[in-house]
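The values are calculated or read from the model by the stated rules, or taken from the named source; none is laboratory data. Everything numeric in this text was worked out from a predicted model, so none of it was measured. When we count neighbours, we look across all protein chains shown, and the Cβ atoms used for this are built from the backbone with ideal geometry, even at glycine. Please note that ligands, DNA and RNA were not included when accessible areas were found on the heavy atoms of the full protein model with its side chains. Shrake-Rupley method; radii C 1.70, N 1.55, O 1.52, S 1.80 Å.
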Amino acid sequence: AFALCAAAFGLAYAYISSKISKDLLALAIIAFTVFDLWRIDSRGAEYTQNADIDAAFKEPYYVTYIKEQKEAQPFRIISLKQDGSYGSAVGNNANFHAYFLLQDISGYSGIKPRAYQDIVDVLGNVVNPTLWRMLNVKYVVFDKPVNFTSITEVFRSPESVLYKFDNVLPRAYFVNTVQTKPAVQILNLIKNNAFDPKETAFLEEGSLAVDRPDTTQASVNVVSYKDEHITINAKATGNNFLFLGDTYYPKGWKAYVDGKETKIYRTNHAFRGIVVPKGDHKVEFVYAPVSFAVTKYVALILSTGVIGLLVVGLFLSNKKKENL
């Protein structure tokens, strides 16, 4: 890279010193660029067939079963397998289910949000029915049959047993009441399974008066769920509080009711909540950080400026030739 830079600067100096023509300089720079692109491109990784890895990442039978259910609403799973196999909560590749595009609340990330790490630190693990309900856990995977409350076996294979969590809550739903408590108290309430997340949601500051939804009329339906854009059709019977079991992250996420921005409340320490007024509404959660928008337009302006300068330079160069 230093050699190419040195050669390019050398040619530029030669052109300034009138030792080579600008056409030769341009051709040389083009040749250097093509060579450099080829040099880097030739370093591409090579795929080597590995029978062990291919076998390990074969779709498990319980994953096939889950996909065959063709769930209309988003859901999550949790793996509590302890046999050290792929997909186990301990041992090999706890992030295994992401390979099959299943949202698993177990696994590992070195850059998890601080709020979720608080939950893990206080709870000690993620085997907690209250947390499962808030996180929309619908399926639980074990490596053998277990005697566990509130789950029903739905599928069994030689290496896994799949259960459905009987008390699952949707990804988004209306909560009956809202209270305010310090973060530590909220975390301990989750740890001790001391509240019903469908009945009560907790904020950490301020106060909020909401109406209890009429369960015979109120409804929440997730129409589209994408990484950066969630669309929900909601019917509220008053100023109802809508809980979304996704991470609270104010630096970029915005919420809209019928296109009008509304405040996102930090709910149950790590999740999101908004107030939906009475009536039928289109609710959207959109990830659109200001930094991305600013950078996009700065890059567009600068790129347009560079192209404009090149056009002006060519025009002036041709005009100079005509005058000569």
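Selection of strands (runs of 3 or more DSSP E) fully inside segment 143-235 by the criterion of at least 1 residues being touching a His at 6+ places or on another chain (Cβ under 9 Å), of a type outside the set (D, E, K, R) and crowded, with 18+ Cβ neighbours inside 10 Å returns 200-203.
Among residues of segment 259-285 being on the phi < 0 side of the Ramachandran plot and not in a strand (DSSP E or B), the one that is least open to solvent (accessible area, probe 1.4 Å) is ALA270. Of the residues making up segment 67-79, those that are assigned to a loop (DSSP other than H, G, I, E, B) and either of a type in the set (Val, Ile, Thr) or surrounded by fewer than 19 Cβ atoms within 10 Å (Cβ to Cβ) (or both) number 6. The conditions of being in a strand (DSSP E or B) and more than 15 Å from LYS282 (Cα to Cα) are met by ASP246. When each of TYR256, TYR297 is tested for being among the aromatic types (Phe, Trp, Tyr), farther than 21 Å from ALA115 by Cβ, at pLDDT 95 or above and not in a loop (DSSP other than H, G, I, E, B), the lone residue that passes is TYR256.
Selection over segment 35-66 of residues that are open to solvent by 90 Å² or more (accessible area, probe 1.4 Å) and part of a helix (DSSP H, G or I) gives a count of 6. Filter segment 22-42 down to the residues that are in contact (Cβ under 8 Å) with a residue 12 or more places away in the chain and among the aromatic types (Phe, Trp, Tyr), then identify the one that is farthest from ALA8 (Cα to Cα). Result: PHE35.
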